[in-house]
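Okay, structure first, notes after.
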């Protein structure tokens with residue numbers, strides 16, 4: 001192996017390692033942001049900025065188990081959930097509040 005090939009491969013390996021580490025750090029930051037209760041999103045249209053409510057928090061808000069939350073979701077008895085990742089979901093707080101108001105009026 002000549003020196004140029006060796007250096008090229010060594011640099012490529014180093015760059016891949018740095019990218020993997022940076023990606024892992026980014027993933028951890030995203031998970032932390034999702035798990036913290038201060039993540040906000042803005043939808044286009046006339047809906048105001050609304051915080052994402054994760055299943056555990058929603059269960060606490062509604063005094064229900066997480067299993068009941070998912071059962072209600074599967075039966076289309078909750079507003080649509082938002083998929084935030086391969087295994088992370090949540091609901092817009094504004095959607096949940098509107099849903100609660102509509103149920104109160106029924």
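Take the conditions at pLDDT 90 or above and either crowded, with 16+ Cβ neighbours inside 10 Å or under 14 Å from residue 34 (Cα atoms) (or both) and apply them to residue 57. Does it pass? Give the derivation first.
Values: at pLDDT 90 or above: yes; either crowded, with 16+ Cβ neighbours inside 10 Å or under 14 Å from residue 34 (Cα atoms) (or both): yes.
Yes; evaluated as a whole, the condition is true for this residue.
State which residue is nearest to the chain's Cα centre (by Cα) when the search covers only region 60-82 and only residues that are surrounded by fewer than 10 Cβ atoms within 10 Å (Cβ to Cβ) and not in a helix (DSSP H, G or I).
So the first thing to find is which residues in region 60-82 are surrounded by fewer than 10 Cβ atoms within 10 Å (Cβ to Cβ), and the list is 63, 74-76.
Filter again for not in a helix (DSSP H, G or I), leaving 63, 75-76.
Values: 63: 22, 75: 22, 76: 20 Å.
So the residue we want is 76.
Taking the criterion of being surrounded by 10 or more Cβ atoms within 10 Å (Cβ to Cβ) and modelled with pLDDT of 85 or more, would at least one residue in region 42-52 satisfy it?
yes
Answer yes if at least one residue in region 83-94 is within 25 Å of residue 31 (Cβ to Cβ) and more than 14 Å from the chain's Cα centre (by Cα), and no otherwise. Break it down into steps so the answer makes sense when it comes.
Of region 83-94, the ones within 25 Å of residue 31 (Cβ to Cβ) are 83-94.
Keeping just the survivors that are more than 14 Å from the chain's Cα centre (by Cα) gives 94.
Within region 83-94 (the criterion being within 25 Å of residue 31 (Cβ to Cβ) and more than 14 Å from the chain's Cα centre (by Cα)), the answer is yes, since at least one residue qualifies.
Checking the condition modelled with pLDDT of 90 or more, in a helix (DSSP H, G or I) and in contact with a strand residue (DSSP E or B) (Cβ under 9 Å, 6 or more places away or on another chain), which residue from 34, 96 passes?
One residue alone meets the criteria, 96.
The values are calculated or read from the model by the stated rules, or taken from the named source; none is laboratory data. These numbers were taken from a predicted model, which means no experiment stands behind them. For neighbour counting, all protein chains shown are included, and Cβ atoms are generated from backbone atoms with ideal geometry for every residue, glycine included.
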